[in-house]
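Here, each number is a calculation from the coordinates, and none is a lab measurement. Predicted model, so just to flag it, every value in this text is computed and none were measured. Positions of Cβ are backbone-derived with ideal geometry, glycine not excepted, and every protein chain shown enters the neighbour counts.
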Amino acid sequence: MKKTGYLLLLMLLVSCDVAYFLTIQDAKNYLINTKCSTITVNGATLNGISPFICFNFDGEFVINLDSLIIICPNKNKISKYRFMLNGDMLFISNKEKTIVYKGDKLCISFTNLVDFNILPSIFIECNGEPVITDTIYIKATQIPYSGEKDYGH
């Protein structure tokens, strides 16, 4: 009986799931410097599927959830993703702007998507101007996630 208990415990502790960093513009943490302050962007993926990226804000910004434009390398537009702000689900059912403040974290999760690009848009604004003015390239890497405290989740 004891051996069965230990075996079950061992099976629970050992997992085949491996988290990998996403590289954003070939970096583990990508900084967007603006007039309002800095945004740190980072992300991870579990076994190459279900990636998420997080925007960590160091100031006040306006978020237009319905303006995010994401494409795959084959140029197909991605429209299925979820937003979470500080752990709470956000919905894009209306066109209201969301204001984020210093210390806020906006995460976007996807399904079965590894490499993708975020196109310039008014998704994030600083003083009425778009923050993302160039394409941001994101891809999965083979660097295992180590659970660093400053990482985006």
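In nm, to one decimal, how far is the Ser67 label point from the Gln25 one, both placed 7 Å along Cα→Cβ?
1.9
I need the phi-derived Karplus couplings for segment 117-124: 6.51 cos²θ - 1.76 cosθ + 1.60, θ = phi - 60°, integer Hz, Gly and Pro marked x.
Values per residue, Gly and Pro as x: 10, 9, 8, x, 6, 9, 3, 10 Hz.
Determine the alpha carbon to alpha carbon distance for each of Lys35/Lys102; Lys28/Lys97; Lys35/Lys97; Lys80/Lys102 and list only those over 22 Å.
Going by Cα-Cα distance, Lys28/Lys97; Lys80/Lys102 fall outside the 22 Å limit.
In terms of modelled amide H atoms, which long-range or inter-chain residues lie less than 5 Å from the amide H of Glu60?
Result for Glu60 returns Lys102.
List, in order, the whole-Hz ³J(HN,Hα) value for each residue of segment 57-66 obtained from phi through the Karplus relation with A = 6.51, B = -1.76, C = 1.60 and θ = phi - 60°; use x for Gly and Pro.
9, 10, x, 8, 9, 10, 10, 10, 4, 6
Taking the radius of gyration and the Kirkwood hydrodynamic radius from Cα positions alone, what is the Rg/Rh ratio for segment 68-107, to two decimal places?
1.04
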